[in-house]
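Colleague: Quick one: structure below, then a few questions.
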Amino acid sequence: MGIFESLVLGLSVACTPSNLMLCFAGCLLGTAIGVLPGIGPLATMAMLLPVTFHLSPAGALIMLAGVYYGAQYGGSTTAILLKLPGEASSVVTCLDGHEMALQGNAGVALAVAALSSLIAGCLTTVLIALAAPSLAEVALAFQSADYVAVLILGLVAAIVLSQGSLLKAIAAILVGVLLGIIGTDVSTGEHRLTFGLAPLVDGVGFVPVAMGLFGVAEIVSNLASTAGHGTQPVAVKRLWPSRAELKALLFPSLRGTVVGAAFGLLPGGGPTIGAFSAYSLEKKLSATPARFGRGALEGVAAPEAANNAAAQASFIPMLSLGIPPSALMALMIGAMMIHGIAPGPNFIVKQPALFWGLIASMLIGNLMLVLLNLPLIRIWVLLLRVPYRYLYPSILVLCCIGTYSISNSAADVLIMAVFGFVGWFMKKIEIEPAPVLMGLVLGPMLEENFRRALAVSGGDPIIFLQRPISAGLLAVSAALLVAAALPWIRRKRETVFTDPL
Amino acid sequence: MTNSKERQRRLHDAYTVPGVRPQSTQRGERAKALEGEQGATAAAVRVPEFAIRAKATRSSNTDTVAGLALCALALLVLYNTRSLERTALMGIGPGTFPSLVAGLLAAIGVVLFVKGVIRPAAAMAFAEGLRPALLVTAGVALFALLLPGLGLVPAVFALVLVATRSSSGISLRLACVIAAILAVATALVFVAGLALPFRLLPLWI
């Protein structure tokens, strides 16, 4: 089946009236919640996940994809209007976006963000359609030992691409792996690290931990930094960019897309480092670098395109290998599992309608987002005018109800509370929380494949070096880790995140 | 290394007013803050939270505290998994992986601690934001504890009431009003609207 017929098949799935409605509802709800200060895409998706339980698998995935784009756009909106990024990847958008808003161009900044995300979204969708099926074919030959190597490469890349200290990033991953160990051991049935608590026997869920670390902890730090007053959003006047501005945003968006998509394929902080790098690149290429940080249009277009491209490119390893390269994709896998779909090399072959439907819905979702948000921007601004101290109680209630509804478990809400505090403490000791989630998701996969590989070889670890795929990937991981520790590369790695600021 | 120093300097600059002798003011405010925490009439002295910013010391900075916390976690894991088999006939036992990970974590903890002692990283501002952190998480925990027994409405009410104690802008009476509104609104949206399986009120009502 060629790409063209496949896309037609996908469009026929995505364009049924009910799926179009779901995509629309997802975008709308995602933006409405994502625009709340301090709620990033991850928390938004976790909150809305229960809503999709009763839908068909295709409908649920399409709606979640819509929620995701909406939430991401909502994050950019708060970044531009309030200088409050919902997640790390929209930090760069704040720099020039908020500056544009202060100069009276808030509407244009929002439109530029939407349009450059649209460009990036459409191009990356094509990339997914081309790359994912061929990667899946390669992955069909993978054995446990190779999966171990892929997972180790993923963890190493997540460490190398994370912000701040290398040691602390490794520590965060290991903490996540330990969290993944909690519960009943799959092969022996023994309880591990459960501390005799009944709810821990089934393990710690991904959503309560994510909601605690990103939802609750984020609310706490917003409260601490603004004392509950919040900041007032800037007024929005002119919305549609002029012809000259449209021209100016095209090439930065294209370059941002390329940079973002390249980073998005790698596990770890894809969207974040993509956005930061795209910004630096634009600043280097620009004839007038002094304008950056003072409301440069390219400074909004490039990072917005990059974080959207990266976020979407991370669907490729997720769909073809079944390995989530980011915390968000881990949530997506969780959602698919609930519907009995196991992403991996067989997914694309066995369920082409679902796979191509999802791809087609990405195109539709990106387009719908622009059509939906340009008229609704004024409503989001109204929502942002509500002082934060009146807003955060409702956000907390939403977090609690969302987490509870996933498996009707009060213990999950308790776990969320604990990780809310842990997340706050981790901020204090300057450990990034995102790698914890990577460890939590990849850890159990790693252990399972590790043990399976050793069972095949009769306990001989040489198997990891005998198979060419795993040996090659392990060599790449080792090289990456060594390179990241080299002084001059380490300095460069640190400046990627501090340069623009 | 220069980077962390640079960051520290920038952090320091951000919180000190130019023209004022930075070191002395910081110390003065810190002393005041400590007084406020320890004094018997704690309510009388209100120090703005950003003023409680301790100077980085060898014994307490983000690296040493992180190192200690990681070591403590690693020891807890090692102790808890001590009875699990570390080796098995075919491959590895259930205890191998946890002890491997915990061992690595302990090693990183030690390195971080030593690094922090030799070259203190950024200051540990533990008191900053502690109040919202405790109250918000306590509210969420209360929700979890009350929900199974008492139902959704009392749980939401309690959550909002406790969590709003963390911001000074909301009086107790206003908090009650917000809590009541949210409790009714969630009942309407999630139970009446989305038909989620929640019990609204305690059985005895």
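Colleague: Return a yes/no flag: does the range A:417-439 have any residue that is surrounded by fewer than 21 Cβ atoms within 10 Å (Cβ to Cβ), in a helix (DSSP H, G or I), at pLDDT below 85 and at negative phi.
Modeller: no
Colleague: Taking the condition at pLDDT 85 or above, surrounded by fewer than 24 Cβ atoms within 10 Å (Cβ to Cβ), more than 10 Å from chain B (Cβ to nearest Cβ) and in a helix (DSSP H, G or I), does A:A471 pass?
Modeller: Values: at pLDDT 85 or above: yes; surrounded by fewer than 24 Cβ atoms within 10 Å (Cβ to Cβ): yes; more than 10 Å from chain B (Cβ to nearest Cβ): yes; in a helix (DSSP H, G or I): yes.
Yes.
Colleague: Can you confirm whether B:P132 is facing another protein chain (nearest Cβ under 7 Å), part of a helix (DSSP H, G or I) and free of Cβ contacts under 8 Å to residues at least 24 places away in the same chain? Steps first, answer last, please.
Modeller: Working: facing another protein chain (nearest Cβ under 7 Å): yes; part of a helix (DSSP H, G or I): yes; free of Cβ contacts under 8 Å to residues at least 24 places away in the same chain: no.
So B:P132 fails the test.
Colleague: Oh, and also: Of everything in the range B:107-129, what is among the aliphatic types (A, V, I, L, M), part of a loop (DSSP other than H, G, I, E, B) and more than 8 Å from chain A (Cβ to nearest Cβ)? Give them in sequence order. Full working, then the answer.
Modeller: Taking the range B:107-129 and keeping what is among the aliphatic types (A, V, I, L, M), we get B:107-108, B:110-112, B:114, B:117-118, B:121-125, B:127.
From what is left, the residues that are part of a loop (DSSP other than H, G, I, E, B) are B:121-122, B:124-125, B:127.
Matches in the range B:107-129: B:A127 only.
Colleague: Can you tell me which residues in the range A:408-434 are within 30 Å of A:S89 (Cα to Cα) and more than 7 Å from every other protein chain (Cβ to nearest Cβ)? Show your work before the answer.
Modeller: First pass over the range A:408-434, keeping only residues within 30 Å of A:S89 (Cα to Cα): A:412-434.
A:D412, A:I415, A:V418, A:F419, A:V422, A:G423, A:F425, A:M426, A:K427, A:E432, A:P433, A:A434 - these are the residues of the range A:408-434 that are within 30 Å of A:S89 (Cα to Cα) and more than 7 Å from every other protein chain (Cβ to nearest Cβ).
Colleague: Collect the residues in the range A:66-93 that are surrounded by fewer than 24 Cβ atoms within 10 Å (Cβ to Cβ) and in a helix (DSSP H, G or I), keeping them in residue-number order.
Modeller: A:L82, A:A88, A:V91
Colleague: Regarding the range B:53-64, can at least one residue be identified that is of a type in the set (A, V, I, L, M, F, W, C) and modelled with pLDDT of 55 or more? Quick ask: steps written out before the conclusion?
Modeller: Let us first name the residues in the range B:53-64 that are of a type in the set (A, V, I, L, M, F, W, C), namely B:54, B:56.
Keeping just the survivors that are modelled with pLDDT of 55 or more gives B:56.
Within the range B:53-64, one or more residues are of a type in the set (A, V, I, L, M, F, W, C) and modelled with pLDDT of 55 or more.
Table: residues versus (1) surrounded by fewer than 18 Cβ atoms within 10 Å (Cβ to Cβ); (2) in contact with a helix residue (DSSP H, G or I) (Cβ under 6 Å, 6 or more places away or on another chain); (3) over 27 Å from B:A107 (Cα atoms).
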position: A:V126; (1), (2), (3): yes, no, yes
position: A:A139; (1), (2), (3): no, yes, yes
position: A:V148; (1), (2), (3): no, yes, no
position: A:S165; (1), (2), (3): no, no, no
position: A:V177; (1), (2), (3): no, yes, no
position: A:V186; (1), (2), (3): yes, no, yes
position: A:R192; (1), (2), (3): no, yes, no
position: A:G203; (1), (2), (3): no, no, no
position: A:F206; (1), (2), (3): no, yes, no
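Colleague: Within the range B:160-173, restricting attention to residues that are loosely packed, with under 15 Cβ neighbours inside 10 Å and either touching a Pro at 6+ places or on another chain (Cβ under 9 Å) or more than 9 Å from chain A (Cβ to nearest Cβ) (or both), which residue is farthest from B:A127 (Cα to Cα)?
Modeller: Just the residues of the range B:160-173 that are loosely packed, with under 15 Cβ neighbours inside 10 Å, to begin with: B:168-169, B:171-173.
Still in the list and also either touching a Pro at 6+ places or on another chain (Cβ under 9 Å) or more than 9 Å from chain A (Cβ to nearest Cβ) (or both): B:169, B:171-173.
Working: B:G169: 20, B:S171: 23, B:L172: 24, B:R173: 27 Å.
The residue in question is B:R173.
Colleague: A follow-up question, please. Among the candidates A:A109, A:A120, A:A132, A:A136, which residue alone is assigned to a helix (DSSP H, G or I), within 20 Å of A:R294 (Cα to Cα), among the hydrophobic types (A, V, I, L, M, F, W, C) and in contact (Cβ under 8 Å) with a residue 12 or more places away in the chain?
Modeller: Step by step, each of A:A109, A:A120, A:A132, A:A136 is checked, and only A:A109 is assigned to a helix (DSSP H, G or I), within 20 Å of A:R294 (Cα to Cα), among the hydrophobic types (A, V, I, L, M, F, W, C) and in contact (Cβ under 8 Å) with a residue 12 or more places away in the chain.
Colleague: Scan A:A278, A:A262 and give me the residue that is surrounded by fewer than 18 Cβ atoms within 10 Å (Cβ to Cβ), small (G, A, S), at pLDDT 80 or above and not in a loop (DSSP other than H, G, I, E, B).
Modeller: Numbers: A:A278 fails: surrounded by fewer than 18 Cβ atoms within 10 Å (Cβ to Cβ).
None of the other options fit; the residue is A:A262.
Colleague: To continue, here is another question. Quick one: which of A:L376, A:L454, A:L437, A:L442 is within 14 Å of chain B (Cβ to nearest Cβ) and under 30 Å from A:F53 (Cα atoms)?
Modeller: Step by step, each of A:L376, A:L454, A:L437, A:L442 is checked, and only A:L442 is within 14 Å of chain B (Cβ to nearest Cβ) and under 30 Å from A:F53 (Cα atoms).
Colleague: Another question, if that's okay. Give me the residue from the range A:7-56 that is surrounded by fewer than 19 Cβ atoms within 10 Å (Cβ to Cβ) and polar (S, T, N, Q) and, out of that set, farthest from the other protein chains (Cβ to nearest Cβ).
Modeller: By that ranking, first place goes to A:S12.
Colleague: Within the range A:379-398, can you find the residues that are in a loop (DSSP other than H, G, I, E, B) and more than 8 Å from every other protein chain (Cβ to nearest Cβ)? Full working, then the answer.
Modeller: Looking only at the range A:379-398, we keep the residues that are in a loop (DSSP other than H, G, I, E, B), and these are A:386-387.
Selection gives A:V386 alone.
Colleague: How many of the residues in the range A:329-360 are outside any helix (DSSP H, G or I) and not hydrophobic (A, V, I, L, M, F, W, C)?
Modeller: Step one: filter the range A:329-360 for residues outside any helix (DSSP H, G or I), giving A:339-344, A:351.
Restricting the remaining residues to those that are not hydrophobic (A, V, I, L, M, F, W, C) gives A:339-340, A:343-344, A:351.
Going through the range A:329-360 one residue at a time, the tally reaches 5.
Colleague: When you scan the range A:162-178, do you find a residue that is at pLDDT below 85, closer than 25 Å to A:V300 by Cα and of a type in the set (S, T, Y), even just one?
Modeller: Scanning the range A:162-178, I find at least one residue that is at pLDDT below 85, closer than 25 Å to A:V300 by Cα and of a type in the set (S, T, Y), so the answer is yes.
Colleague: Tell me, please, whether a residue that is in a loop (DSSP other than H, G, I, E, B), free of Cβ contacts under 8 Å to residues at least 12 places away in the same chain and within 20 Å of A:G340 (Cβ to Cβ) can be found in the range A:14-30.
Modeller: Of all residues in the range A:14-30, those in a loop (DSSP other than H, G, I, E, B) come to A:15-16.
Restricting the remaining residues to those that are free of Cβ contacts under 8 Å to residues at least 12 places away in the same chain gives A:16.
Still in the list and also within 20 Å of A:G340 (Cβ to Cβ): none.
No, the range A:14-30 contains no residue that is in a loop (DSSP other than H, G, I, E, B), free of Cβ contacts under 8 Å to residues at least 12 places away in the same chain and within 20 Å of A:G340 (Cβ to Cβ).
Colleague: Restricting to the range A:377-396, count the residues that are under 24 Å from the mean Cα position of the chain (by Cα) and over 21 Å from A:S225 (Cα atoms).
Modeller: Total meeting the criteria: 2.
The values are calculated or read from the model by the stated rules, or taken from the named source; none is laboratory data. This structure is a prediction, so every number in the text was calculated from the model and none was measured. Please note: Cβ atoms are built from the backbone with ideal geometry, for glycine as well, and neighbour counts cover all protein chains shown.
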